[in-house]
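The values are calculated or read from the model by the stated rules, or taken from the named source; none is laboratory data. Because the structure is predicted, anything quoted here is derived from the model rather than measured. All Cβ positions, glycine included, derive from the backbone under ideal geometry; neighbour counts span all protein chains shown. Keep in mind that these areas ignore ligands, DNA and RNA; they rest on the heavy atoms of the full protein, side chains included. Shrake-Rupley method; radii C 1.70, N 1.55, O 1.52, S 1.80 Å.
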Amino acid sequence: MNEMIVQLSRLKSRARGTWAERITAELEYATALSKAAGRKYDALLRSSIASLASLSDEAGAVTREIVEETEAKLSSLAAAAKGYTLLCAAHAHIDMNWLWRYDETVSLTLDTFRTMLDLMNEYPGFTFSQSQASVYRIVEEHDPELLKEIRRRVKEGRWEVTASTWVETDKNLPCGESLARHVLYTKRCLARLFYLAPGQLAIDFEPDTFGHSRNVPEILVRGGVRHYYHCRGYDEHTLYRWQAPSGAEVLAYRDPFWYNADVSPAMAAPVPDFCHRHGMDTMLRAYGVGDHGGGPTRRDIERIIDMDTWPVFPRVRFGTFAEYFAFAEKVRERLPAVRRELNPVFTGCYTTQTRIKAANRTAEARLAEAEAFSSAAAIAAGGRYRADVFGRAWEKVLFNQFHDILPGSGTVDTRE
């Protein structure tokens, strides 16, 4: 096996061009497939790799004819190869005021969404997912016609709303009431904008959040959120059950590829091992340019379409995060339970730029007091409780709990 891997690595280092990239990726995937199947295909792979090396040396290049001949030799494992699926979920990571001001956040949000809708017109199978209620509020306020187009794609099932929080928020500094308000105001806003039932908003999508309190699952479960996507703060299991002290749990996925990923043939090799370990036949690949928006590119989309046609490769198709979590739910009971906070990363973010941290805590406390006294006054004197005013105030507080604002990892413009 080791000799075969060395020979394949040597071949890969010398090979250049589209066809060379295709066949070496297929052979890497087939090697992983054989390993997951107890070395079932090793003899065939050794023979095919040796033949490919000989033919390409003789021709001086890896040509289309050589690739097709090698794929023909591997045809007996094609069915097993297509037994696995790589589900590709597109998204655009949009940082709220990280290295820029709010006016630029508005601009990049509208530009990104316009591009995604154009790509949907161009590629009928393409799907897209987007988190954060605040970006949808931006569209509502600044481009109502764009919102209508998004609403139509949401209804079709091609635009997935993955928001359960107002922004991709820090999960350590906000108080428990704030984390609950994130879920409340997000569900209210998105149910109104897209005619979604609250139960359809079941994913908390936090790819870049720096840390995660142990009580987060408790709040999410009570808010009807069942699934958690993240990258930071934990380096052990990829798919697991994250439990609060009470036992309340969400099904969590820690993305091993990271967010802001592109699409490349190399992403297929981990699929057999991941699926074998978890008792599944599908692995998730999140992709899309991010931080300053952007989302997937035409190259990403066309690569997915092309790679799905490769005979010695998994099925590669467009999909959504909800679709993947539905697959994961089938093996939920066999997944490990994690009973701890998911911390720490970037510890300096919990001590720097203290003015915004103090302002956040003051705002949380004053809003709680104001609501309590307003409720008492309404009951005692029959006055009007201004839920609309309090709601708008809470939305400002929640926005500033974004993971690059409240922790203090943004610029001066971000803070001010």
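Taking Leu74 and the conditions (1) within 30 Å of Val312 (Cβ to Cβ); (2) within 25 Å of the chain's Cα centre (by Cα), which numbered condition does it fall short on, given that it satisfies the others?
Among (1) within 30 Å of Val312 (Cβ to Cβ); (2) within 25 Å of the chain's Cα centre (by Cα), the lone unmet condition for Leu74 is (2).
Between residues in the stretch 104-131 that are under 18 Å from Ile304 (Cα atoms) and without any contact (Cβ under 8 Å) to a residue 40 or more places away in the chain and residues that are among the aromatic types (Phe, Trp, Tyr) and buried (at least 18 other Cβ atoms within 10 Å of the Cβ), which pairs lie under 6 Å by C-beta distance while being six or more apart or on different chains?
Met120/Phe126
Inspect all residues belonging to the stretch 99-121 and state whether any of them is at negative phi, part of a loop (DSSP other than H, G, I, E, B), of a type in the set (Gly, Ala, Ser) and at pLDDT 95 or above.
no
When you scan the stretch 279-293, how many residues do you find that are open to solvent by 10 Å² or more (accessible area, probe 1.4 Å) and more than 15 Å from Ala261 (Cα to Cα)?
3
For the stretch 209-227, give me each residue that is crowded, with 21+ Cβ neighbours inside 10 Å and within 19 Å of Ser129 (Cα to Cα).
Those that are crowded, with 21+ Cβ neighbours inside 10 Å and within 19 Å of Ser129 (Cα to Cα): Thr209, Val225, His227.
Can we say Ser48 is surrounded by 12 or more Cβ atoms within 10 Å (Cβ to Cβ), among the polar types (S, T, N, Q) and over 34 Å from the mean Cα position of the chain (by Cα)?
Against the criterion (surrounded by 12 or more Cβ atoms within 10 Å (Cβ to Cβ), among the polar types (S, T, N, Q) and over 34 Å from the mean Cα position of the chain (by Cα)), Ser48 qualifies.
What are the residues in the stretch 77-98 that are at pLDDT below 95 and open to solvent by 50 Å² or more (accessible area, probe 1.4 Å), if any?
If the condition is that a residue be at pLDDT below 95 and open to solvent by 50 Å² or more (accessible area, probe 1.4 Å), then Trp98 is the only one that fits.
Take the conditions open to solvent by less than 10 Å² (accessible area, probe 1.4 Å), more than 23 Å from Leu251 (Cα to Cα) and in contact (Cβ under 8 Å) with a residue 24 or more places away in the chain and apply them to Leu193. Does it pass?
Yes.
Of the numbered conditions (1) open to solvent by less than 40 Å² (accessible area, probe 1.4 Å); (2) under 17 Å from the mean Cα position of the chain (by Cα); (3) over 30 Å from Leu398 (Cβ atoms), Thr297 fails exactly one; give the number of that condition.
(1)
Does Arg232 fit the bill of being assigned to a strand (DSSP E or B), charged (D, E, K, R) and either open to solvent by 30 Å² or more (accessible area, probe 1.4 Å) or under 17 Å from Thr85 (Cα atoms) (or both)?
So Arg232 fails the test.
Looking at the stretch 310-327, is at least one residue in a helix (DSSP H, G or I), open to solvent by 10 Å² or more (accessible area, probe 1.4 Å) and either at pLDDT below 95 or acidic (Asp, Glu) (or both)?
Yes.
Filter the stretch 1-32 down to the residues that are farther than 17 Å from Thr63 by Cα, of a type in the set (A, V, I, L, M) and open to solvent by less than 10 Å² (accessible area, probe 1.4 Å) and list them by number.
If the condition is that a residue be farther than 17 Å from Thr63 by Cα, of a type in the set (A, V, I, L, M) and open to solvent by less than 10 Å² (accessible area, probe 1.4 Å), then Met4, Ala30 are the ones that fit.
Name the residue that is surrounded by the most Cβ atoms within 10 Å (Cβ to Cβ), counting only residues in the stretch 159-178 that are within 20 Å of the chain's Cα centre (by Cα) and among the aliphatic types (A, V, I, L, M).
Taking the candidates together, the pick is Val167.
Quick check on my filter: what residues within the stretch 121-152 are open to solvent by less than 20 Å² (accessible area, probe 1.4 Å) and farther than 22 Å from Pro207 by Cβ?
Listed by number, the residues that qualify are Leu146, Leu147.
For the stretch 364-416, what are the residues that are more than 15 Å from Cys175 (Cβ to Cβ), acidic (Asp, Glu) and without any contact (Cβ under 8 Å) to a residue 12 or more places away in the chain?
The answer is Asp388, Glu416.
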